[in-house]
Amino acid sequence: MAGETYTLINDLYQGMLISYVKCKTCDYESKNEEKFLDIQLPIKNEFGTGVVNSSVEMAIENFLKPDLLDGDNQYACVTCARKVDALKGLKISKCPKIISLSLNRFTLDYNTF
């Protein structure tokens, strides 16, 4: 019975995310697939940005928007054999039949805790 429930939950709620880093010089892309049962979306984006997501659509867009790795935070590309600018982000490669979204309404302030 427990195995059947687990399979049913995975069939309905399990999706697949691809975490990637793409070199902007040679277009080499490092990928890692991850299964998920829910996606946690912040109402207010990471500390310091001050961006407030006004809708679920905007929160998903910001969740999937890649970050630029540059300056002191450059990516060590194996193809270029040096540190280069790169894009780091997430892609949904398999969308579940039912998607569960958790809306995080809080932000930890490291100054006041």
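The values are calculated or read from the model by the stated rules, or taken from the named source; none is laboratory data. Note that the structure is predicted; figures quoted are calculated from it, not measured. Every residue, glycine among them, receives a Cβ derived from its backbone with ideal geometry; neighbour counts consider all protein chains shown. Note: areas computed on protein heavy atoms with side chains; ligands, DNA, RNA excluded. Shrake-Rupley method; radii C 1.70, N 1.55, O 1.52, S 1.80 Å.
Once Rh for the chain is found with the Kirkwood sum over Cα pairs, what is the Stokes-Einstein diffusion coefficient at 4 °C and 1.567 mPa s, in µm²/s?
79 µm²/s
Can you work out the Karplus-derived ³J(HN,Hα) for every residue in the stretch 5-17? Use 6.51 cos²θ - 1.76 cosθ + 1.60 with θ = phi - 60°, whole Hz, and x for glycine or proline.
Rounded to whole hertz, the list is 5, 4, 5, 5, 4, 5, 4, 8, 10, 7, x, 10, 10.
If the reach is capped at under 24 angstrom between alpha carbons, list the lysines near Lys94, excluding any in the same chain fewer than eight residues apart.
Lys22, Lys31, Lys35, Lys65
With unit charges on the beta carbon (Lys/Arg positive, Asp/Glu negative), name the residue among Gln14, Ala81, Ser102 whose Cα is farthest towards the positive pole of the charge dipole of the chain.
Ala81
Measuring with a 1.4 Å probe in the full set of protein chains, what accessible area per residue, in whole Å², belongs to the chain?
73 Å²
For the chain, what % of the accessible area comes from carbon and sulfur atoms, probe 1.4 Å?
Summing carbon and sulfur atoms, their accessible area is 53 percent of the total for the chain.
Under the rule of -39500 (n - 2.57) per DSSP H run of 4 or more residues, summed and divided by the residues of the chain, what mean residue ellipticity at 222 nm is obtained, to the nearest 500 deg cm²/dmol?
Taking each H run of at least 4 residues, the total per residue is -5500 deg cm²/dmol.
Assign unit charges at the C-beta atoms only (+1 for Lys and Arg, -1 for Asp and Glu), then state the dipole size of the stretch 10-113 relative to its Cα centre in Debye, rounded to the nearest 20.
180 debye
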